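First comes the structure, then the notes that go with it.
Read the figures in this text as sums done on the coordinates, not as results from a lab. Small disclaimer: the values here were computed from a predicted structure and weren't measured. With ideal geometry, Cβ positions are generated from the backbone for all residues, glycine too; neighbour counts draw on all protein chains shown.
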């Protein structure tokens, strides 16, 4: 009875919302303005999504916000108007739309009174650019031809979360919408809510937050999948790129990772179709429960004579018109992790 009493200690009560907001304000970098507003939005995101407000988790969100926007709700992007016009011309070229027609369409006055050309050229933030494109797509016939319903501004807000992700995870959004989900992502509350969901709202078995930061940049489970590809490299002659992509969805033929696994079919005792089904779960935690995952790592452990890593930083070069330097997912993850460590030290 004494032993049982020792092993069932009462758990401390969960922190109140006020306590969580106070903790966030202490953890924020000293230079952040409107600390109460940021703390409220972060606390609401954690509470709504049922996330544990530990210092590590809170600092992970804070670190991503600091890296992506330095706590600017709608950060400015140098040369954004030029980038946007180049995208318009590129799409027009693919569709064989003459340049004079593009110029004529952009010369039309928008609802603000300015021409679309002027609004796009003068855009300083992604929100301004997105609003200009939404008007252009909705009101100018050529806008539909060039972009359909696809606004070319894909990421938004203080955490630079993908608009498509937000639209797919809007069911439990705790705030009354003031427009579309796209517009909400550009707000502080919406950007924090959906960015937190993308960063922490899925289960992982990673040994440290570093790999979540890589996933935030490269896609959920990219670090785990890159480790799977690294394990395959120990077993096959081909040298796979550690990009975390297990299936080549853009092609009717199997990709390099799938072909590498198929070459082990006899050792795995699995058919090509069974291998395909397993790899298709690569965007889920359940991939770790498949025979393909377990057997490949078992074989790799045997070859290495020790357990090989189950998480590896993906080897992806970041490509975007907004990026002017050679940057990688690993660089992003390490920079965010450094910020997380500094945040935890402020606890």
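Taking the structure as given and computing Cα Rg over 2.2 N^0.38 Å, which label from [x] 1.20; [y] 1.04; [z] 1.16 fits? Matching the structure shown: [z]. For the pair residue 338 and residue 263, label points projected 7 Å from Cα toward Cβ lie 3.8 nm apart.
Length gain on complete extension for the stretch residue 234 to residue 172, per 0.36 nm per residue less the alpha carbon to alpha carbon distance? Display every interim value, and only then the final one.
Working: separation 62, 0.36 × 62 = 22.32 nm, distance 4.33 nm.
So the chain would gain 18.0 nm between residue 234 and residue 172.
How high is the FRET efficiency between residue 241 and residue 11 when r is their beta carbon distance and R₀ equals 45 Å, given to the nearest 0.05?
0.50
Put in order of Cβ neighbour count within 10 Å, fewest first, the listed residues 163, 185, 102 become 102, 163, 185.
So what is the relative contact order of the range 29-117, in percent, for Cα pairs below 8 Å that sit 6 or more residues apart? Show your work: numbers first, answer last.
On the way: 25 pairs, mean separation 10.1, N = 89.
Contact order relative to length: 11 percent.
Note on residue 162 and residue 82: the model spin-label points, each 7 Å out from Cα along the C-beta direction, lie 2.9 nm apart. Ordering 223-232, 307-316 by mean Cβ neighbour count within 10 Å, with the highest value first, yields 223-232, 307-316. A Förster distance of 35 Å, applied to the separation of the beta-carbon atoms of residue 34 and residue 317, puts the FRET efficiency at 0.50. With neighbour counts taken as other beta-carbon atoms within 10 Å, the residues 248, 298, 337 rank, fewest first, as 298, 248, 337.
Here r is the Cβ-Cβ distance between residue 301 and residue 251 and R0 is 25 Å; the resulting FRET efficiency, rounded to 0.05, is 0.20.
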